[in-house]
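So the structure is just underneath, and the comments pick up after that.
Laboratory data are not the source of any read-out in this text; all were calculated from the coordinates shown. Computed from a prediction, not measured in an experiment: that's the story for all the values here. For neighbour counting, all protein chains shown are included, and Cβ atoms are generated from backbone atoms with ideal geometry for every residue, glycine included.
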Number of protein chains: 2
Amino acid sequence: MRLTKFTDYSLRVVIYLARHPDSLATIADIAREYDIPSTHLMKVVHRLAQCGYILTVRGKGGGMRLARTPDLINVGDLVRDTEDNMDIAECFSPDHQSCPMLPACALKSVLVEARKSFLATLDFYRLSDIMGGATPSLVAPLHQAHGTFAPPSPGKKKRTS
Amino acid sequence: MRLTKFTDYSLRVVIYLARHPDSLATIADIAREYDIPSTHLMKVVHRLAQCGYILTVRGKGGGMRLARTPDLINVGDLVRDTEDNMDIAECFSPDHQSCPMLPACALKSVLVEARKSFLATLDFYRLSDIMGGATPSLVAPLHQAHGTFAPPSPGKKKRTS
DNA sequence: TACTAAGATATATTTTACATGTATCTATTG
DNA sequence: CAATAGATACATGTAAAATATATCTTAGTA
């Protein structure tokens with residue numbers, strides 16, 4: 001079980017941008033920093049722009065920057081937007097109606113719930129929480145939560161504002 | 001983000017065995033039932049036997065059966081034992097000490113926590129909860145939990161006994 | 001004891017999703 | 001109009017996973 005590098009790189013791009021808020025960053029800058037292929041980053045950047053996480057500027061002197069401040073960018077949302085195959089198992093596929101155990105089998109709903117838990121945990125964090133150093137998080141939920149993660153009791157889970 | 005077919009098939013094998021408790025099942029039986037290659041199932045069965053989930057009997061008239069009753073088989077454990085790459089992102093790799101954002105970056109710990117949530121949800125279910133029909137679960141936590149999954153407040157999460 | 005049917009094991013091959021590369025286009029600055 | 005940036009389309013490479021093949025071992029049974 002792993003996320004694609006596409007998602008990984010997407011997270012790194014926004015982390016980079018969050019840590020370099022004062023200037024436009026180019027694809028080449030970021031590729032150099034992480035030592036990853038700029039060809040792949042192009043696609044990543046394109047997607048991030050399409051989804052509204054970053055603003056890009058073409059032409060000489062161009063580059064990109066975050067479209068919002070890091071505390072308004074939710075990690076779970078970003079993963080949902082960049083990871084394009086969230087079908088945990090074969091029984092998620094539309095042409096899998098022939099499973100001999102349906103409808104009794106509850107495997108799928110359990111997997112759906114597990115995936116939901118995964119994303120709900122990510123929803124609990126914003127870019128400002130994971131970017132480190134430069135701009136400290138307003139609240140610091142991270143190391144408190146370890147190992148004994150408890151959802152923010154009642155109400156809204158997502159923290160984007 | 002998806003589990004391997006190896007894990008998928010592993011779950012199906014134990015579900016099949018749970019639903020056919022009265023006789024030994026062969027690899028061919030299970031492969032036929034789900035229309036999946038028996039060659040792959042061999043490896044799956046081998047692993048399940050190694051991990052103690054099933055007992056196998058060689059030779060004519062042989063086959064396999066569950067080593068324990070379905071209420072003693074935990075879904076999370078089984079996934080942990082069959083899914084062999086649980087490294088969500090590149091920064092989980094041991095040779096990834098050169099990340100320019102370390103040690104400030106908290107991405108990894110957030111991903112670790114999300115993975116933990118995923119598995120903790122699976123830990124909440126036993127084979128008897130997902131096998132459907134035949135042998136109803138002793139408790140029925142499934143549809144109550146949907147969408148608003150809450151961990152079993154304080155104390156032990158895993159339900160294997 | 002030989003035959004058959006089952007899993008055990010090792011190795012080889014195929015598939016496929018993902019990653020990466022190349023080329024060209026468009027936009028912007030100076 | 002030259003240089004530099006992203007946008008876009010398409011082509012290729014690659015590594016993990018899935019599948020296949022072959023042989024070995026075990027056990028029942030004729």
Legend entry - Residue order, fewest to most beta carbons within 10 Å, for B:V13, A:V79: A:V79, B:V13
Inset, instruction - Give, as a single signed number, the net charge of other residues whose beta carbon lies under 11 Å from the beta carbon of B:A18, with Lys and Arg counted +1 and Asp and Glu -1. - result: +3
Legend entry - For the range B:12-19, 3J(HN,Hα) per residue [Karplus equation, 6.51 cos²θ - 1.76 cosθ + 1.60, θ = phi - 60°, Hz, x = Gly/Pro]: 5, 4, 5, 5, 4, 5, 5, 8
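Quick one: A:T69, A:T39, B:T82, fewest Cβ neighbours within 10 Å first, how do they rank? Could the numbers behind the result be given before it?
Working: A:T69 13, A:T39 9, B:T82 22.
Least to most surrounded, the residues fall as A:T39, A:T69, B:T82.
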Inset, instruction - Collect residues whose amide H, placed 1.01 Å from N in the peptide plane, falls under 5 Å from the amide H of A:R126; neighbours closer than 5 in sequence don't count. - result: A:V75
Inset, instruction - Evaluate Rg over Rh across the range B:42-81, taking Cα atoms for both radii and Kirkwood's formula for Rh. - result: 1.00
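Which of the pairs B:K43/B:K108; A:K43/A:K116; A:K116/B:K116 have their Cα atoms more than 21 Å apart in this structure?
Details: B:K43/B:K108 32 Å; A:K43/A:K116 27 Å; A:K116/B:K116 12 Å.
Listed pairs above 21 Å: B:K43/B:K108; A:K43/A:K116.
Calculate, for B:S23 and B:L72, the FRET efficiency according to 1/(1 + (r/R0)^6) with r their C-beta to C-beta distance and R0 22 Å; round to the nearest 0.05. Please list the in-between numbers first.
Working: r = 20 Å, r/R0 = 0.91.
Calculated transfer efficiency: 0.65.
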Inset, instruction - Positive end of the charge dipole of the range A:5-146 (Lys, Arg +1 and Asp, Glu -1 on Cβ, about the Cα centre): tell me which of A:T121, A:I54, A:V75 has its Cα farthest that way. - result: A:I54
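List the equivalent ellipsoid semi-axes of the range B:9-128 in whole Å, largest first, each obtained as the square root of 5λ for an eigenvalue λ of the Cα gyration tensor. Please list the in-between numbers first.
Details: eigenvalues 261, 51, 23 Å².
Output for the range B:9-128: semi-axes of 36, 16, 11 Å.
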Legend entry - the range A:5-146: relative contact order as a whole-number percent, Cα under 8 Å and 6+ apart: 28
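Net charge around B:A49, counting only other residues with Cβ within less than 14 Å of its Cβ (Lys, Arg = +1; Asp, Glu = -1)?
Details: positive: B:K43, B:R47, B:R58, B:R65, B:R68; negative: B:D81.
Local charge sum for B:A49: +4.
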